[in-house]
Amino acid sequence: MFPTVAQVLELDVLRRGNPRIVAGTAGLHRPVRWVHISELADIAGMLHGGELVLTTGVMLPADKEPLTRYIHELADIGAAGLVVELGRRYADELPRALVKTAERRELPLIELRTEVRFVAVTEAVHAHVVDAQLTELRASEAVHQIFNELSVEGAEPAEVVREVARMAGAPVVLENLSHQVLAFDAAGQDPQALLDGWERRSRGVRPPARTGYDTRSGWLITTVGARGRDWGRLVLVCRPGEEPAPRLAVVLERGASTLALGRLLERDQESLERQTHRMLLSGILTHSLTVSDVALRARALGVPLESRSLVGVVLRLGGGPFSAALEAQARLRDFTETAALAVRERRLSALIGSLDDGGVGLLISLGPSDNEHAALQGFATALDRLAGAAGMDPAFLMAAGSSVGSLRDARRTLLEAVQVAEAADRTTVRTAGTYYRLPDVRLRGLLHLLRDDSRLQTYVERELGPLLTHDAENGTDLVRILSAYLASGRNKSAAADTVHMSRPAFYDRLHKVERILGTDLDQVESCLSLHVALLALEAVRR
């Protein structure tokens, strides 16, 4: 927003004074906030920092020590520079004490060899500052306008990131709380170089505020979140050591706000029926609707849920939930409608709608005479046929939870179906007309279900963050050592054999883990917490 000393020296009004930089060239990048004309030797007490001082030197002291003190006081207060006009006090050159002290303090010292009107200099610089502020204001208004339009249009995260990169002219990365890349735009640079070792590099950059610049890495970072729940960071990769312009911080923060708002808004163009079904499923999963409210609304939709056997079902398209959620929304909507058609064909009663993680959820309602297995198998067979007839990829996955006899337990069967789907994702290819039921999903499945929850990511960082950071910064593998120790049931000898390490060396690594985490690995509760965190880390990274 403010011109630098070097830029001020390029103004015509100063160039007419034949300026010559005699000391402090290292400080020419300093911004000039104001121009102050004064002949006083004790002017520093009247300054606030950022001023370019103009003087003829007529009242400056003649002795070396007062001149040295004069420069020190200007440098201490943060003056941008000192311009001295020759002719009145100093005929041909400035005193050596003045020059040497200015060079030592890196305070730009400029001599004018031709007389200029100081008031003209102040007018020119102040006009430059006002013009720069007006330009910055107009640019800020343009930024707000662009991101307002993106918010109204319901832009996808990739679109927002791309716009931030275009406006900033630098690479931009959107990451989650586990420092995994969700979206990025390399701004014409090599994506491989941008993302190589991203998690390790990102863990070492921790700005003190929600928006901050890290000089060492050259990253400008702002936190992304809404309603008091942060879920990621938006990173602008600048050149290390170069403080980014204030405009870039505005661009980054507006991009983060748009991303946070987009996460709160519904972006799918679904039918009203699908929206209502999805709203009821979400109400069950999040407890945002009471049991009686869900029952009433579902009954109005022609789906009775009271005094029935309820089975939660989750469908996953080939390519995984992230692909479905972020890259193929239209395909997911079509698949949801096809699944609804299969429900109607089999004359089943069910709520059906898309889930937040990119899958399709169903709550199937069965009467006393309905056979549960026959109903699920018949639905799977019909969906296979209809999906194939519609030209869709038939490689979808179907998982079912345990049936429950009350609407109050509907959430349990839906969550179990999600867990089963996550576990079944890692099994062999599903054959047509079949579905999965894994009664023993256990802890790994639960953590996999919660892998995108910022609270779980925060727990992992709290338990393992110091160890992960140490490994990233020092190239060690202490996380692997800890994992082997816990996986072996805390049997140090067996764990040492597992990682092919001598026992003394393995014991030394374990002691280092204890020091870094500040914990005692002989305590069962501490090991349990760390083991859960390691399993959660595996789920998050998957």
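The values are calculated or read from the model by the stated rules, or taken from the named source; none is laboratory data. Predicted, not measured: the structure shown is a model, and the values here were computed from it. Here Cβ is always computed from backbone atoms with ideal geometry, including for glycine, and neighbour counts include all displayed protein chains.
State whether one or more residues within the stretch 93-100 are surrounded by 21 or more Cβ atoms within 10 Å (Cβ to Cβ) and either modelled with pLDDT of 90 or more or closer than 15 Å to Glu39 by Cβ (or both). Can you show your working first?
Step one: filter the stretch 93-100 for residues surrounded by 21 or more Cβ atoms within 10 Å (Cβ to Cβ), giving 94, 98.
Remaining after also requiring either modelled with pLDDT of 90 or more or closer than 15 Å to Glu39 by Cβ (or both): 94, 98.
Checked the stretch 93-100: at least one residue is surrounded by 21 or more Cβ atoms within 10 Å (Cβ to Cβ) and either modelled with pLDDT of 90 or more or closer than 15 Å to Glu39 by Cβ (or both).
Are there any pairs, at least 6 apart or on different chains, whose C-beta atoms fall under 6 Å, with the first in the stretch 117-142 and loosely packed, with under 11 Cβ neighbours inside 10 Å and the second part of a helix (DSSP H, G or I), and if so, which?
No pair meets every condition.
If I ask for residues that are among the charged types (D, E, K, R) and part of a loop (DSSP other than H, G, I, E, B), which ones from the stretch 1-46 would you list?
Glu10, Arg16, Arg30, Arg33, Glu39, Asp42
Which of the residues belonging to the stretch 492-542 are of a type in the set (Lys, Arg) and surrounded by 18 or more Cβ atoms within 10 Å (Cβ to Cβ)?
Filtering the stretch 492-542 for residues of a type in the set (Lys, Arg) gives 492, 503, 509, 512, 515, 541-542.
Once the filter is applied, which keeps residues that are of a type in the set (Lys, Arg) and surrounded by 18 or more Cβ atoms within 10 Å (Cβ to Cβ), the stretch 492-542 yields only Arg509.
Quick check on the stretch 186-194. Is at least one of its residues crowded, with 17+ Cβ neighbours inside 10 Å and free of Cβ contacts under 8 Å to residues at least 24 places away in the same chain? Talk me through it step by step, then tell me what you get.
Taking the stretch 186-194 first, the residues crowded, with 17+ Cβ neighbours inside 10 Å are 186-187, 194.
Narrowing the set further to residues that are free of Cβ contacts under 8 Å to residues at least 24 places away in the same chain leaves 186-187.
Within the stretch 186-194 (the criterion being crowded, with 17+ Cβ neighbours inside 10 Å and free of Cβ contacts under 8 Å to residues at least 24 places away in the same chain), the answer is yes, since at least one residue qualifies.
What is the one condition in (1) closer than 30 Å to Thr476 by Cβ; (2) buried (at least 19 other Cβ atoms within 10 Å of the Cβ); (3) not basic (Lys, Arg) that Ala183 does not satisfy?
(1)
Which of the residues that make up the stretch 125-150 are small (Gly, Ala, Ser) and modelled with pLDDT of 80 or more?
Of everything in the stretch 125-150, just one residue is small (Gly, Ala, Ser) and modelled with pLDDT of 80 or more, namely Ala127.
If the requirement is being more than 30 Å from Asp131 (Cα to Cα) and in contact with a Ser or Thr (Cβ under 9 Å, 6 or more places away or on another chain), which of these qualifies: Thr55, Thr101?
Selected residue: Thr101, the only one of Thr55, Thr101 that is more than 30 Å from Asp131 (Cα to Cα) and in contact with a Ser or Thr (Cβ under 9 Å, 6 or more places away or on another chain).
Between a first residue in the stretch 282-306 that is in the same structural domain as Leu415 (by TED's automatic domain parsing) and a second residue that is in a loop (DSSP other than H, G, I, E, B), which pairs have beta carbons less than 6 Å apart while being 6 or more apart in sequence or on different chains?
Going by the 6 Å Cβ cut-off, the qualifying pairs are Gly283/Leu289; Ala295/Leu305; Ala295/Glu306; Ala298/Leu305.
Residues being more than 12 Å from Leu174 (Cα to Cα) and touching a Lys or Arg at 6+ places or on another chain (Cβ under 6 Å): count how many of those fall in the stretch 212-243.
1
Checking the conditions here, which among Asp190, Asp185 is farther than 21 Å from Leu464 by Cβ, in the same structural domain as Leu252 (by TED's automatic domain parsing) and at pLDDT 90 or above?
Exactly one residue qualifies, and that residue is Asp185.
Of the numbered conditions (1) part of a loop (DSSP other than H, G, I, E, B); (2) farther than 19 Å from Ala249 by Cβ, Thr122 fails exactly one; give the number of that condition.
(1)
Scanning for something in contact with a helix residue (DSSP H, G or I) (Cβ under 8 Å, 6 or more places away or on another chain), in a helix (DSSP H, G or I) and of a type in the set (Ser, Thr, Tyr), does the stretch 59-81 turn up at least one residue?
Within the stretch 59-81, one or more residues are in contact with a helix residue (DSSP H, G or I) (Cβ under 8 Å, 6 or more places away or on another chain), in a helix (DSSP H, G or I) and of a type in the set (Ser, Thr, Tyr).
Taking only the stretch 143-153 into account, find how many residues are surrounded by fewer than 15 Cβ atoms within 10 Å (Cβ to Cβ) and either hydrophobic (A, V, I, L, M, F, W, C) or outside any helix (DSSP H, G or I) (or both).
1
Does the stretch 414-440 hold any residues that are buried (at least 21 other Cβ atoms within 10 Å of the Cβ) and either at pLDDT 70 or above or closer than 21 Å to Ile284 by Cα (or both), and which are they?
Within the stretch 414-440, Leu414, Glu416, Ala417, Val418, Gln419, Val420, Ala421, Glu422, Tyr435 meet the criteria.
Go through the residues of the stretch 158-169 one by one and say whether even a single one is among the small types (Gly, Ala, Ser) and at positive phi.
Yes.
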